[in-house]
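Undergrad: Mind having a look at this structure? Questions to follow.
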Amino acid sequence: MRTRLRRLLTAGALALTMAGTAGAVPAGAATTGTTATADGAAAAQSTDILDRLEAVPGMSLVQEKPVDGYRYFILNYTQPVDHRHPRRGTFQQRLSVLYKSDDRPTVFHTSGYGLSTNPGRSEPTRIVDGNQVSMEYRFFTPSRPDPADWTKLDIWQAATDQHRIFRALQPILDRNWISTGGSKGGMTATYYRRFYPEDMDGTVAYVAPNDVDNDEDSAYTEFLANVGTDECRGRLEAVQREVLLHRDDLVARYEAYAKENGYTFTTVGSADRALEVSVLDLAWAFWQYSGESDCASVPVADKATDDELWEYVDLIAGWSFYTDQGLEYYTPYYYQAGTQLGAPSFDTPHLKGLLKHPDVYEVRNFVPRSIPMEFDERAMRDVDRWVHAKAERMLFVYGENDPWRAEPFTVGRKAKDSYVYTAPGANHGANIARLVEDERTAAVASVLEWAGLAEDADSLTAAEARPQAKYDAKLDKAGKDYYHRNRHGRP
């Protein structure tokens, strides 16, 4: 296990020496990170955790909430809008600290979206019985610069946000650190390791998509053509067809529904376009959050009434989602999908002749036209190459029936102590607990070793490789929501 001294010496040097491609790390990041470390060391002199947190320059308390067995703080931290030019403005980034004790490891969590202000534990936090720092992703409100320069929303800027928070808090929480997140949070944890590989002792990335080539999406088409049973897929496809066959009546209903609720369709373009994209989302969203056991609830399309079709699409895809009001929260995600992350597309031969808007599923349609977008095809290729060849102490967990698994991260022969596991029958809620026994034991053992709680993962028995904290229904159920808050076919 690397020593903490080695990490502190190498992290700054890494930021100074990495250069060149889409992942170039400028000297400004090293400067801000080093300052945060020095300031954090001074803060560590106090004994009360809140005093130490508030002593970090740029850190301020928003609220403390009572939690049994912990102290829980919601905080703001001053971040540069542009880490390449830190003097050109700042914004307040929200984070939370679920504090257990100084002698426990820390899990650095992000959903890749906004921050839940209610306490919850991620699965690695329960495994190591540790502290948890959770970060709100930049540009999700209220962690959005004003005015918002959208060109400063990219994976390197966000990784550097995370790097600065780590450097500020590591002197206070000075045991081992493990980064984690699910879905877009799993992507975020991975990108963080790519740009700052020395910060964390390990990474657990759940259900993290890896869209290396945004123009080649045949893997998604193949996945959706084979997931589950023929009968279940057939029922979902029949519902999609039936909704489109009833398009006129259901669009009229959609427009009335929007008027009643104060919804508009400026971004997508019309209720008709919103209906079509909701129909396209249906099968994807079903497999993302449902499973074989839910197939019986899919309506028999040719016997279903318009009411039944309407209610089922609302249940699975959500009619409110593609309204302006539904999309607003997700604008930062769609912006990134259309500029760096990529987004899935798939063929729908069963809907031939029923679709009117061939471009409707493109992410450009989900971001207001006032925000310019240009796609950088280098970003994901760079991350993919790094993970495959240079990953170290990284664990990827996927769900067998989750469409996002169609394009996963892989680790090659040169990667060190890194693994990819798939939970059988699981969807986008896959986690370590749902792996088969041997893989579950190995995964937990790895996390414990990376956290500094075990000398050698290979020596741990199944009885020893178990979560160190007892299950807490309130905290651990909330933790699941941190990973999987979106039910609309997006990570």
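The values are calculated or read from the model by the stated rules, or taken from the named source; none is laboratory data. Since the structure is predicted, the reported quantities are computational estimates derived from the model, not experimental observations. Here Cβ is always computed from backbone atoms with ideal geometry, including for glycine, and neighbour counts include all displayed protein chains. Calculation scope for accessible area: heavy atoms of the full protein, side chains included, ligands and nucleic acids excluded. Shrake-Rupley method; radii C 1.70, N 1.55, O 1.52, S 1.80 Å.
Undergrad: Quick one: what are the phi-derived ³J(HN,Hα) couplings along segment 356-363, Karplus 6.51/-1.76/1.60 with θ = phi - 60°, whole Hz, x for glycine and proline?
TA: The phi angles translate into 10, 10, x, 9, 5, 8, 6, 5 Hz.
Undergrad: What whole-number distance in Å separates the alpha-carbon centres of segment 420-477 and segment 252-321?
TA: 36
Undergrad: If R0 is 60 Å, what FRET efficiency do you get for Ser459 and Glu216 from their C-beta distance, rounded to 0.05? Kindly include the intermediate steps, with their values, before the conclusion.
TA: Numbers: r = 43 Å, r/R0 = 0.71.
Efficiency at R0 = 60 Å is approximately 0.90.
Undergrad: Hey, how many Å between the Cα centroid of segment 180-211 and the Cα centroid of segment 333-358?
TA: 25
Undergrad: Just reorder Arg466, Arg126 by solvent-accessible area, largest first, 1.4 Å probe, all chains present. Spell out each step's value before the answer.
TA: Details: Arg466 130, Arg126 65 Å².
Largest to smallest exposure gives the sequence Arg466, Arg126.
Undergrad: Same structure again: Label-point separation (nm) for Arg88 and Ser270, each offset 7 Å from Cα along Cα-to-Cβ?
TA: 4.1
Undergrad: Further question: Roughly how many Å² of Glu242 are accessible to a 1.4 Å probe, to the nearest 10?
TA: 40
Undergrad: Something else: Leaving ligands, DNA and RNA out of it, rank Arg167, Arg273, Arg253 by accessible area with a 1.4 Å probe, largest first.
TA: Details: Arg167 10, Arg273 40, Arg253 80 Å².
Order by accessible area, largest first: Arg253, Arg273, Arg167.
Undergrad: Sticking with this one: Report the extension gain between Thr78 and Gln63 in nm, rounded to one decimal, defined as 0.36 nm multiplied by the number of residues separating them, less their alpha carbon distance. Mind dumping the intermediate values first?
TA: Working: separation 15, 0.36 × 15 = 5.40 nm, distance 1.63 nm.
Net length gain for the segment: 3.8 nm.
Undergrad: Would you please give the residues with an amide H less than 5 Å from that of Asn176, counting only those at least 5 places away or on a separate chain, with H modeled from the backbone geometry?
TA: The answer is Thr106.
Undergrad: So how do Asp215, Asp230, Asp102 rank on accessible area, 1.4 Å probe, biggest first, that is with the largest at the start? Could you put the intermediate results ahead of the total?
TA: Working: Asp215 140, Asp230 115, Asp102 60 Å².
Result of the area sort, largest leading: Asp215, Asp230, Asp102.
Undergrad: Can you list the HN-Hα couplings for segment 267-277, worked out from phi with the Karplus curve (6.51, -1.76, 1.60; θ = phi - 60°), rounded to whole Hz and with x for Gly and Pro?
TA: 5, 6, x, 5, 5, 5, 5, 5, 4, 5, 5
Undergrad: Find the relative contact order for the chain and round it to a whole percent, using C-alpha pairs within less than 8 Å whose residues are 6+ positions apart.
TA: Details: 946 pairs, mean separation 86.2, N = 491.
Computed value for the chain: 18 percent relative contact order.
Undergrad: Would you mind telling me the share, in percent, of accessible area of the chain contributed by carbon and sulfur at probe 1.4 angstrom? Don't skip to the answer; put the middle values down first.
TA: Values: 9480 of 19680 Å².
The value for the chain is 48 percent carbon and sulfur by accessible area.
Undergrad: Report the gain in length on full extension from Thr305 to Thr410: 0.36 nm times residue separation, minus Cα-Cα distance, nm rounded to one decimal. Mind dumping the intermediate values first?
TA: Details: separation 105, 0.36 × 105 = 37.80 nm, distance 4.50 nm.
Extra length from Thr305 to Thr410 when fully extended: 33.3 nm.
Undergrad: I've got another one for you. Run the reach check for Lys414 against lysines, Cα to Cα strictly under 23 Å, same-chain hits fewer than 8 apart removed. What comes back?
TA: Once the sequence-local lysines are set aside, what remains near Lys414 is Lys390.
Undergrad: For Asp417, which sequence-distant residues (separation of 5 or more, or a different chain) have an amide H within less than 5 Å of its own amide H, given hydrogens modelled in the peptide plane?
TA: Here the answer is Arg393, since their amide H atoms fall under 5 Å of that of Asp417.
Undergrad: In whole Hz and in residue order, list the ³J(HN,Hα) couplings for segment 218-228 that follow from phi through the Karplus curve 6.51 cos²θ - 1.76 cosθ + 1.60, θ = phi - 60°; x for Gly and Pro.
TA: Result, ordered by residue: 4, 4, 6, 4, 5, 4, 5, 7, 10, 5, x Hz.
Undergrad: Determine the dipole magnitude for the chain: charges of +1 sit on the beta-carbon of Lys and Arg, -1 on that of Asp and Glu, nothing else is charged, the reference point is the Cα centre, and the result goes in debye to the nearest 20.
TA: Numbers: 55 positive and 71 negative charges, 357 e Å.
Rounded to the nearest 20 debye, it is 1720 debye.
Undergrad: Which of the lysines could be linked to Lys474 by a straight reach, that is with a Cα gap under 30 Å, when you skip same-chain ones fewer than 8 residues away?
TA: Reachable lysines: Lys65, Lys100, Lys184.
Undergrad: I would also like to ask the following. Can you give the accessible area of Glu222 in Å² (nearest 10), computed on protein heavy atoms with a 1.4 Å probe?
TA: Its accessible surface works out to 120 Å², give or take rounding.
Undergrad: If you don't mind, another one. So what's the back-of-envelope 222 nm ellipticity for the chain, counting only DSSP H runs of four-plus at -39500 (n - 2.57) apiece and dividing by all residues, rounded to 500? Intermediate values should be presented prior to the final figure.
TA: Details: 16 runs with 189 residues, N = 491.
My calculation for the chain gives -12000 deg cm²/dmol from helical runs alone.
Undergrad: For segment 323-398, what does the accessible surface come to per residue with a 1.4 Å probe? Please give it in Å². Before the final figure, lay out each step's value.
TA: Details: 3400 Å² over 76 residues.
Computed with neighbouring chains in place, this is 45 Å² per residue.
Undergrad: Mind listing the long-range amide H neighbours of Thr90? Cut-off is under 5 Å, sequence gap 5 or more, other chains count too, H placed in the peptide plane at 1.01 Å from N.
TA: Close amide H contacts, sequence-distant or interchain: Val81.
Undergrad: At a Förster radius of 30 Å, what calculated FRET efficiency corresponds to the Cβ-Cβ distance of Arg466 and Glu400, to the nearest 0.05? Mind dumping the intermediate values first?
TA: Working: r = 23 Å, r/R0 = 0.78.
Between Arg466 and Glu400 the formula returns 0.80.
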